[in-house]
Every structure is written in structure tokens, then in C-alpha cells.
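Trainee: Let me begin by handing over the structure; questions about it come next.
None of the figures in this text is laboratory data; all of them are computed from the coordinates on show. Predicted, not measured: the structure shown is a model, and the values here were computed from it. Reconstructed Cβ throughout: ideal geometry from the backbone, glycine too, with neighbour counts over all protein chains shown.
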Amino acid sequence: MEMLVASAIGIMTAGGIYLVLRLRTFPVILGISLLTYAVNVFLFASGRLTIGAPPVLRDSMSSYTDPLPQALVLTAIVISFGMTAVVVMIGLGAFLGSNDDHVDDQPTGLEDQAEGKS
């Protein structure tokens, strides 16, 4: 179980980093979201992956799951949703302002200047 979750975290992190390094706005936004999902799963897995264990220790229970990572994941989900909304609005504003969604924001005509056709 732990190996499967660790592999999923690694794949999501690698996919998120690959998408963040793209030159378009939309894949960068998806990459940031994928990285936040990977961090959320990592935080959740840090509280021990047990099935059927309650989050609070009672008198009749012998083991329990740590509730702190669960609370951190709930908080991280809300924060990542707000962050994604802000990044989408910034990307939309940049696209509407320049009619282009390149992240590097190089002005057009650089190819002509590089060839000496100015």
C-alpha cells in the first residue's frame, strides 16, 4: 500500500514539474494543481495509512489514525483552490491583454531581429 501511494506521489510530482516547465499558461496552471495534489497526498500519507481506524482514540479502540494530517489536507485543499482561482485569473488577464498565452512573454518579431531583418 505504501509503495503504491509513494509511486503515485512521485508520478504526480514528476508530471507537475514537467507541466510547470511548459511555455503555455494552461499547462503551467495544471502543473501547479498537480503539484498541490501530490503534496496533499503526501501530507495525508504522513499520518500512517491505516484502513478502518478512527481519527480519535477511544476506550474500546487499540489504534487510531493521526487526525493532524487530515486537518492539514483539508486546509491545503481550500488554499490550493483559492490559489488556482487567482492563477487562472492572472493567466486570463495576461491572455486578454496580449492575445497570447506564452509564459516567457517575449515580444513578437524577435525572430526577425535575430536574422537581421529589422
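Trainee: Neighbouring Cβ atoms within 10 Å as the yardstick, rank D59, D101, D66 fewest first. Mind dumping the intermediate values first?
Mentor: Details: D59 4, D101 17, D66 13.
Final ranking by Cβ density, sparse to dense: D59, D66, D101.
Trainee: With a point put 7 Å past each Cα toward its Cβ, work out how far T50 is from L23 in nm, to one decimal.
Mentor: 5.2
Trainee: Distance in nm between label sites at S98 and A8, each 7 Å beyond Cα in the beta-carbon direction?
Mentor: Each label point lies 7 Å from its Cα, and together they span 3.7 nm.
Trainee: Turning to a different aspect of this structure: Taking region 4-103, which chymotrypsin sites (Phe, Trp or Tyr not before Pro) meet the DSSP loop condition and have no more than 16 other C-beta atoms within 10 Å? It would help to have the intermediate numbers written out before the result.
Mentor: Details: sites: Y18, Y37, F42, F44, Y64, F81, F95; in loops: Y64.
Here the chymotrypsin sites (Phe, Trp or Tyr not before Pro) that fit, given the DSSP loop and packing criteria, are Y64.
Trainee: For labels at M1 and V87 in the simple 7 Å Cα→Cβ model, what's the distance in nm?
Mentor: Those two pseudo-labels are separated by 3.1 nm.
Trainee: Let me ask something else. Å³ per residue of the Cα convex hull, for region 1-95? Provide the component values of the computation, followed by the final result.
Mentor: Values: hull volume 7.6 nm³, N = 95.
Taking the convex hull of the Cα positions in region 1-95, it is 80 Å³ per residue.
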